[in-house]
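What follows draws every value from the coordinates through simple rules; no lab data is involved. The shown structure was predicted, so the numbers you read here are calculated from the model rather than taken from an experiment. Ideal geometry is used to build each Cβ from the backbone, glycine not excepted, and the neighbour counts take in all protein chains shown.
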Amino acid sequence: MKLLAVSSSLDIRFVTVIFLMGLSTPGLAEITSLDSGNIDDVLNNAGVALVNFYADWCRFSQMLHPIFEEASNVVREEFPDTKQVVFARVDCDQHSDIAQRYRITKYPTLKLFRNGMMMKREYRGQRSVVAIADFIRQQQVNPVKEMHSLEEVNTLDRTKRNIIGYFDKKDSDNYHTYEKVANILRDDCTFLAAFGDVSQSERFSGDNVIYKPVGESIPDMIYLGSLTNFDLTYAWAQDKCVPLVREITFENGEELTEEGIPFLILFHIKEDSESLEKFQHEVARQLISEKGSINFLHADCDKFRHPLLHIQKTPADCPVIAIDSFRHMYVFPDFKDLTVPGKLRQFVLDLHSGKLHREFHHGPDPTDSTPGQEETGGEVASSPPESSFQKLAPSETRYTILRDRDEL
């Protein structure tokens, strides 16, 4: 009976929205329909674009349409420049190639773009006119804080990543590039800038940008490339603002999943900074070339005890390293082997080659065996052969952050 009541409530909401759609005035809404012919041009020329990826058969997509249109009307009144803010939509049934390009797996999905670049964090707020309009207003806030005295550098929050630009003037190509980069990385770094006489002492060889890492003892890093080259400036700032090894939490788990690449995860006790530092060092030493093909993450063992159970581990076994391929989880045999040259790299290469998946289903490859013995990732075992990683029950092979959050 309870399920029936919920269903009736949804039906009432659905009918109400359809009725409101009939009363709406779609002619006022400026929603750009995107297809393969115009998507790059529209997005590349938009300061900010909020794109609704939808499917007509999806009830929730239908419910969002009038809300999205009205939010567009509200925002357009405040930001009339049609290139400053764009509201757009993609029919994913008609344009499956675009849905695949942006890894759309659920409807509706609202993605934010800046100057054609898709932001990692999609819109996850309330699906209401007020909430969506507020979200766009927040995106219009200048992420660069202007410094009026160099003394302000001494009061920076050194628990955050800070990038500081020293410029002759605001109205310059150098600063426009810096501001564009800051807009894209606003969630990852704090950006500051000083101009004119205030910045003069730091502009000994022209406009200058420095990065101040987390912590008081780590020295500053200076950007040595051209500030008029956006790609170079962005690549440098991204490398500084987005750490090589990121923490995965219940709050960002789905966002990381939507990046669409596998996870290499260190599960460790929160207070165990030594294991984390060792993992970070070996990732940087062995796997820097794999950045972009796999996400390097660390997770709190106590918070993620459910995923550990899926690989027959408990917090008492930490530190534990595992790969989540989104199909199965594969366990690195022994954390003590982390510093063995090439060991961690080979583990990741075995994922890409399909070896881990093959061994998961069929046992160790015969080529890895010696007469009378089977190799198990650095350990020698007697017959019968063991897999080089922990096998999981079929129902337990998917590492799902959100499911585990619901179980807690």
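Side notes on the structure shown:
- Each Cα pair under 8 Å and six or more residues apart adds its sequence gap; the mean of these over the residue count of the range 144-241 is a relative contact order of 36 percent.
- Paramagnetic label zone (point 7 Å from Cα along Cα-to-C-beta, PHE60; backbone N under 18 Å) in the range 132-148: 132
- Structure note, pairs LYS270/LYS313; LYS120/LYS278; LYS278/LYS336; LYS120/LYS180; LYS83/LYS111; LYS111/LYS240: Cα-Cα distances above 20 angstrom occur for LYS120/LYS278; LYS111/LYS240.
- In plain terms, the chain from SER353 to SER293 could stretch by 20.3 nm, reckoned as 0.36 nm per residue minus the Cα-Cα distance.
- Rough spin-label spacing in nm, given labels placed 7 Å along Cα→Cβ, for GLU247 and GLU146: 3.5
- Extension gain for GLU77-GLU271 works out to 64.8 nm (0.36 nm per residue, less the C-alpha to C-alpha distance).
- C-alpha center-to-center spacing [the range 267-344, the range 52-127] in angstrom: 35
- Amide H within-cut-off set for GLU247, under 5 Å, with H built and near neighbours excluded: HIS298
- Once both labels are positioned 7 Å from their Cα atoms along Cα-to-Cβ, the gap between LEU156 and ASP168 label points is 2.4 nm.
- Of the GluC sites (Glu not before Pro) found in the range 205-281, those that fall in a DSSP loop while having at most 14 other beta-carbon atoms within 10 Å are GLU216, GLU251, GLU259, GLU271.
- Considering only the range 32-140, percent of DSSP beta bridges that pair antiparallel, nearest 5: 45
- Placing dummy labels 7 Å off each Cα toward the beta-carbon, the span from GLN100 to MET117 is 2.7 nm.
- Stokes-Einstein D for the range 144-241, Kirkwood Rh over Cα pairs, 20 °C, 1.002 mPa s (µm²/s): 161
- In this entry, the range 32-140 is assigned a mean projected area of 6.0 nm², taken as a quarter of its C-alpha convex hull surface.
- Restriction of the trypsin sites (Lys or Arg not before Pro) in the range 317-369 to DSSP coil positions whose beta-carbon has at most 15 other beta-carbons within 10 angstrom yields ARG327.
- FRET efficiency for the ILE261 to ASP41 pair, using the beta carbon distance and R₀ = 22 Å, is estimated at 0.20.
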